[in-house]
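In what follows, a single structure is set out as C-alpha cells and then discussed.
What follows draws every value from the coordinates through simple rules; no lab data is involved. Please read these numbers as outputs of a predicted model, since none were measured by experiment. For neighbour counting, all protein chains shown are included, and Cβ atoms are generated from backbone atoms with ideal geometry for every residue, glycine included.
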Amino acid sequence: MADTKVEQMSVSVAKGPSMMTGAIPTKEWMDVPAVFKPGNYCYPGKPEMAAYLSKGLPGKFGESREWKPEDDDWKLPENWKEIIIQGIKERLDKFRSFKIFMDCCVRCGACADKCHFFLGTGDPKNMPVLRAELLRSVYRNEFTKAGKILGRLAGGREMTFGVLKEWFMYFYQCTECRRCSVFCPYGIDTAEITMMGRELLHLVGVNTNWILEPASNSNRTGNHMGLQPHTFKDNIGYLCDDIEEITGIRVEPTFNRKGAEILFITPSADVFAEPGIYTAMGYLLLFHHLGLDYTWSTYASEGGNFGLFTNNELMKKLNAKMYAEAKRLGVKWILGGECGHMWRVIHQYMDTMNGPADFLEVPKSPITGTVFDNAASTKMVHISEFTADLIKNGKLKLDPSRNNHRKITFHDSCNPARAMGLLEEPRYVIKNVANNFYEMPENTIREQTFCCGSGTGLNTGEIMDLRMRAGLPRANAVKHVHDKYGVNMLSCVCAIDRATLLALMQYWNPDVEVCGVSELVGNALIMEGEKERETGLRFEPLEGMEG
Ligand code: SF4
Ligand code: SF4
C-alpha cells in the first residue's frame, strides 16, 4: 500500500503539482535537474540479472555492476556517451518510425494533458511532448544541422550525465500505454520513443530489477516467476481441485502433449496469483465444457513478454519461445489467454520479428468452424475472440444470473484496446455471461482508455505512491460508476492489470474487486453433470443474488 494517506494524496494531486520538485517549476525545463529520492525511482537491476541476459545478447545490457540512482557516480563505462550516441544512430537507421518521431513533432500540445502520469503528478516532464523532448533534444544536437550549429537555440542539448538521469526517471514514468498517440495529429507514438529510451539506457547498464529479473526468469524457466515445470503443473492441479470442490466436475488438463490441436498460452500470473487464478479456472472450465483438444506447455509457460520493456532483441527471443514450442508439439494453432503485452507483441511486432508462422495452420475453431483470418500470419487467437464466437454460435450453456452478485464495469487494457483493437469482444462476452454491466465515461474507455498506471514493469512496491497517482484517472472513472450504479467489480483482459488494478482499487475504491472476463464466463458456464453451485469461483457465496 502507498505510504501517503488517500485524503492527503487527493489534496496533493490537486494542489502540489510535482512529485519531484514539490512546486511548479520556475526554470526552463532543460535547467530543472532530475533528483532521485526514495519513492520516485525503481530499484536498479541486480548485477547477476544483467550478466545473465548479456550472455545471450552480448552488449545489449551493458556492464553488470552495483549502482544506486541516488549516488553521483553510476559507475558507467568510460565511453558511455559514445555508446549512447552510437545507439541512437543505429536505431535511427533501423527504425523508420523512430526517425519520423524525432523529426515531425510540431509541439502543438494536444498530447500534453492526455498522460495519466502528468495528470497524477503534475510534473511537466510527464507531458508526452516533453518526455519525447528529453531524447529529441539530444537527437537534434547530434544529428540535425540546426541543432549542431545553434544548439540550445534550436532545441538541442548535449548528452550529459544530467540528461541520462532525466531519461532514467521519465522513461520509467511512462507505461508505454499509447494514450497520447490517439490524440496526436501526427500519430506520434511516445511509447515507441520510451522504448528507444529504455533500450539506450540498457546499453550502458542503467536498468530496473523489476524488469530484468522477470525477463531473466522468462528466458531461463519459461515464466516470469522463475517457477519450475513441476510447480507450474502442480499449481494448475490445485486449481482443478478447487473447480471440483465448487462444481463436482474433475477437469483433467494435459501438459506438453504432442499432437494436440491447440497450444494454450496465458500469462503465468493467471496460474499463480489472485485474482488471476480465478481467470485460469474460467479457462479450464470453458475448455472442459467444449471438450477441446488442447495442451498447456511448461516450456512456453508465460504469455507476458517482459522483453518488450527492455529491448527489441529480448522481445524477439521471448516471443520465439512460444512458436518454438508450437512447432515442437506439432499443434495446429495457438490460443492466447487474457494478457496485455503478449498481445501487443503478437499483434504489432511478431510478424516482422519471427513471422509469419507458416508452419502452423490458419486458426479455425473446432467447435464453430469459424476461421480467424485476422490471425492468418500469427496463427494466434485471443480467448475473448474465441469465446465471443462460441457464444454467437450458441455453443455455450450459460446462466448469467450466477454473476448477479456482481455489478460489473470493464477496463479496456491499453494493449488489447489500442494495440489490437479488441474492443467489442470482451463486452459481448460480459453481456452474455452477466446481467449487470455498466460502462465508465466514454473518454476513459475503448481507444481512450486510461492506463492502470503501473504497466511496462512499473508494478513494483518501491514506487507505490507514484503508481497510485498515475492510476488516479482510471480509479476516478471507476469511482464514478461505483457511486452512480453501485459497481463492485472491475473486469479486464490483462494479467498485469489484474495485479495493478487490485492495488489501485484497494487504495482509491476499496469496495471494488478486480477480475478477468474468463472468470465471469467460468461462473456462468453450466457444466454437464455438475452439482448445484453454492459459490462463485473465488468461493464467494452466490446467495442473496441481486438481478
Ligand atoms: S500532439 Fe503530437 S505533434 Fe502535438 S506536441 Fe504532442 S507529440 Fe507533438
Ligand atoms: S505512452 Fe502513455 S504513459 Fe507514455 S507518455 Fe504517452 S500517455 Fe504517458
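Here are some notes:
- Burial ordering of 513, 424, 447, fewest other beta-carbon atoms within 10 Å first: 424, 447, 513
- Alpha carbon convex hull of the stretch 390-547, volume per residue in cubic angstrom: 115 Å³
- Local electrostatic count, residue 223, Cβ distance below 11 Å [Lys/Arg +1, Asp/Glu -1]: 0
- Kirkwood hydrodynamic radius over Cα pairs of the chain, then Stokes diffusion coefficient at 4 °C and 1.567 mPa s, in µm²/s: 54 µm²/s
- 3J(HN,Hα) along the stretch 421-436: x, 7, 10, 7, 4, x, 5, 4, 4, 4, 5, 8, 10, 8, 9, 10 Hz, from the Karplus curve 6.51 cos²θ - 1.76 cosθ + 1.60 with θ = phi - 60°, whole Hz, x for Gly and Pro.
- Rounded to the nearest 20, the size of the Cβ-charge dipole of the stretch 217-367 about its Cα centre is 640 debye, with Lys and Arg at +1 and Asp and Glu at -1.
- Between the residues 377, 416, 102, the greatest Cα displacement towards the positive end of the dipole of the chain, with unit charges on the Cβ of Lys, Arg, Asp and Glu, is found for 102.
- Rounded, prolate or oblate (a/c below 1.5 giving rounded, otherwise prolate when a/b exceeds b/c) for the stretch 157-237 by Cα gyration tensor: oblate
- The chain - charge dipole about Cα centre, Lys and Arg +1 at Cβ, Asp and Glu -1, debye rounded to 20: 1600 debye
- The ranking of 338, 313, 199, 252 by Cβ neighbour count inside 10 Å, starting from the fewest, reads 252, 313, 199, 338.
- Cα-based reach from residue 94 at 22 Å (exclusive), listing lysines while leaving out same-chain residues under 8 positions away: 60, 81, 145, 316, 317
- Projecting the Cα positions of 473, 527, 517 onto the charge dipole of the stretch 445-547 (unit charges on Cβ atoms of Lys, Arg, Asp and Glu, taken about the Cα centre) puts 473 furthest along the positive direction.
- Of all lysines in the structure, the ones whose alpha carbon falls short of 22 Å from that of residue 484, not counting any fewer than 8 places away in one chain, are 407, 431.
- Cα-centre dipole for the stretch 80-175 with unit charges at Cβ (Lys and Arg positive, Asp and Glu negative), debye to 20: 240 debye
- Sorting 333, 29 by the number of Cβ atoms found within 10 Å of their own Cβ, with the fewest placed first, yields 29, 333.
- The trypsin sites (Lys or Arg not before Pro) of the stretch 189-267 that DSSP puts in a loop, and whose beta carbon has at most 10 other beta carbons within 10 Å, are 250, 258.
- Put simply, when 294-300, 397-403 are sorted by average Cβ atoms within 10 angstrom per residue, most first, you get 294-300, 397-403.
- Binning all Cα-Cα separations of the stretch 1-95 at 5 Å, short to long from zero, yields these whole-percent fractions: 2, 9, 12, 15, 17, 14, 12, 10, 7, 1.
- Inter-probe distance in nm under a simple model that places probes 7 Å from Cα toward Cβ, at residue 526 and residue 362: 3.6 nm
- In order along the stretch 442-454, the Karplus-derived 3J(HN,Hα) couplings, from 6.51 cos²θ - 1.76 cosθ + 1.60 at θ = phi - 60°, round to 5, 7, 10, 10, 6, 4, 8, 3, 8, 5, 5, x, 9 Hz, and Gly and Pro are given as x.
- Gained length - residue 6 relative to residue 160, 0.36 nm times residue gap less alpha-carbon distance: 51.7 nm
- Label point distance in nm, residue 149-residue 95, each placed 7 Å from Cα along Cα→Cβ: 3.0 nm
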